[in-house]
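Report on the structure given below.
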Amino acid sequence: MLQVAYETLSMLLLMKTLRFTTLPGDGIGPEVMDVAIKVLQKLGNLHDFSIEYSNHDVGGIGIDNHGKALPDPTLDACRQVDAILFGSVGGPKWENLPPKEQPERAALLPIRKAFELFANLRPGNLYPELSDLSPLRADTVANGIDTLCVRELTGGIYFGQPKETKTLENGEKLAIDTMVYRTGEIERITEIAVKAASLRDGRICSVDKANVLETSVLWRDVVIDCVQKLNPDIELTHMYVDNAAMQLVRDPNQFDVLLTENMFGDILSDELAVIGGSLGMLASASLGTQKNALDLPFGLYEPAGGTAPDIAGKGLANPCAQVLSAALMLRYSFGLEDAATSIENAVKETIRSGLRTGDIAQGKESVGTEQMGNAILDRLQ
């Protein structure tokens, strides 16, 4: 009896503890976050790790409870852990606030800056079983889609100064946004893209608007130099953003890794998501310059979609994107590749079984958040 107890204690001491913060946010965020936590808890039992997490307000709920979208206690809690598992923020309730105080701008942008989350990795995946969801021709996406969008996240027009709206002497209003990029910002995101491409098909398409934007001229020059220095075997091409938007519709599988600046990446990654059938299936990882306690990248992991206020609280949300975001967290911030793959395979098998939430059911029979989550749990290995 004592021997069994000792062996159990020894196993517990040897188990890896994953420390992270959960920020469910608004709308469907808390519902899908609950599923992700259950997946991580069960997976821990299968892969010998435990989780230690704390839940904090962000976004609209932060405004309601603390007077700001990114409360100080939330930010402090994030600084004490190795990763952030994020839900989604925003909704009609807060749309009448001044733009700078609205949840999306007042929560996500500052948290990206606080942790120098400069690289957003958005997998553009479409499972063959969901190919009929894509608005593209069946023959274009019959075998699915596998493209990775690498987006610079802390520079460009979203953060450039000055940024203001003012009234001129004649009463007319003038709004100003400023697009700014430095060499170092472009170099570090290019390094991420090169590493990603080296593990895939070895192809990068850098997206810019170098025919009209000074920042894009610099972007193109730096990307060329950086790729040549880091890995000259990478096949590097360049494409104007308007053409890239068209080419994604024409043939998304022509791209392996898309490398983009902030605003272009924001737009193209959402286009890629629509081509893939549903934002409810797409996760993302935002990696920073800092290392966590495990000497791995500190990152923020979130679904690609929004808060879906029209179905919030009804148990109808698709939890797959949140669950797949947890898989990315295991891979990049905790170095648990097998566990991450287990989640991804469980989601694939669930989709392959024919189970669908409303957003991917196309009017056919659908299940709710809990049933979809339970199906994923049952397929974990």
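The residues neighbouring G354, those whose beta-carbon lies less than 10 Å from its own, together hold a net charge of +1 under the Lys/Arg +1, Asp/Glu -1 convention.
For the chain, relative contact order (Cα pairs under 8 Å, six or more residues apart, normalised by length) works out to 20 percent. Using a cutoff of 8 angstrom between alpha carbon atoms and counting only pairs six or more residues apart, the relative contact order for the range 135-275 works out to 35 percent. Evaluated with a Cβ-only charge set (Lys, Arg +1; Asp, Glu -1), the chain carries a dipole of roughly 260 debye about its Cα centre, given to the nearest 20. The overall shape of the range 110-195, judged from the alpha-carbon gyration tensor, is oblate: a/c is not under 1.5, and a/b is no greater than b/c.
Computed from backbone phi, the HN-Hα couplings of the range 201-215 come to 8, x, 10, 10, 10, 8, 9, 8, 9, 5, 7, 9, 10, 4, 4 Hz, rounded to whole numbers (Karplus: 6.51 cos²θ - 1.76 cosθ + 1.60, θ = phi - 60°; Gly and Pro given as x). Evaluating 6.51 cos²θ - 1.76 cosθ + 1.60 at θ = phi - 60° for every residue in the range 317-333, the Karplus couplings come out as 5, 7, x, 4, 4, 5, 5, 5, 5, 5, 5, 4, 4, 4, 5, 8, 9 Hz, glycine and proline recorded as x. Per-residue packing, averaged as other Cβ atoms within 10 Å, sorts the ranges 249-260, 138-149 into the order 249-260, 138-149, beginning with the highest. Modelled spin-label separation between K195 and D251, with each label point placed 7 Å from Cα along the Cα-to-Cβ direction: 3.1 nm.
Once the Cβ-Cβ distance of D378 and T140 is raised to the sixth power relative to R0 = 56 Å, the FRET efficiency obtained is 0.95. For a paramagnetic label modelled on K42 (point 7 Å from Cα along Cα→Cβ), amide N atoms under 20 Å away belong, within the range 254-296, to 281-283. For K195, neighbours were defined as the other residues whose beta-carbon sits under 14 Å from its Cβ, and their charges (Lys and Arg +1, Asp and Glu -1) total 0.
Taking a straight Cα-Cα cut-off under 28 Å and skipping sequence neighbours fewer than 8 places away in the same chain, the lysines within cross-link reach of K364 are K38, K314, K348. Applying the Karplus relation 6.51 cos²θ - 1.76 cosθ + 1.60 with θ = phi - 60° to the range 268-285 yields 3J(HN,Hα) values of 5, 5, 6, 4, 4, 5, 5, 4, x, x, 6, 5, x, 10, 10, 9, 8, 10 Hz, where x marks Gly and Pro. When only alpha carbons are used to place a centre, the range 327-347 and the range 53-94 end up 24 Å from one another. A full extension of the chain between R182 and Q161 corresponds to an added length of 6.2 nm, given 0.36 nm per residue minus the alpha carbon distance. The alpha carbon gyration tensor of the chain gives principal lengths a ≥ b ≥ c with a/c below 1.5, which makes the shape rounded.
Secondary structure note: in the chain, about 45% of the DSSP beta bridges are antiparallel. Summarising the amide proton neighbourhood of H238: residues at separation of 5 or more, or on other chains, whose placed amide H is nearer than 5 Å comprise S206.
Looking at the range 135-275 alone, DSSP beta bridges between its own residues are antiparallel in about 20 percent of cases. When the charge dipole of the range 150-243 is built from unit charges on Cβ atoms (+1 for Lys and Arg, -1 for Asp and Glu) and taken about the Cα centre, the candidate among H238, A196, G160 whose Cα reaches farthest toward its positive end is A196.
Considered as an equivalent ellipsoid built on the Cα gyration tensor, the range 135-275 has semi-axes of 30, 21, 11 Å, the largest given first.
Every helix of 4 or more DSSP H residues in the chain counts as -39500 (n - 2.57), and over all residues that averages to -12500 deg cm²/dmol at 222 nm.
Quick note: the coordinates plus some simple rules give every number you see, no bench work behind them. Since we're looking at a predicted model, the values are computed, not measured. Ideal geometry is used to build each Cβ from the backbone, glycine not excepted, and the neighbour counts take in all protein chains shown.
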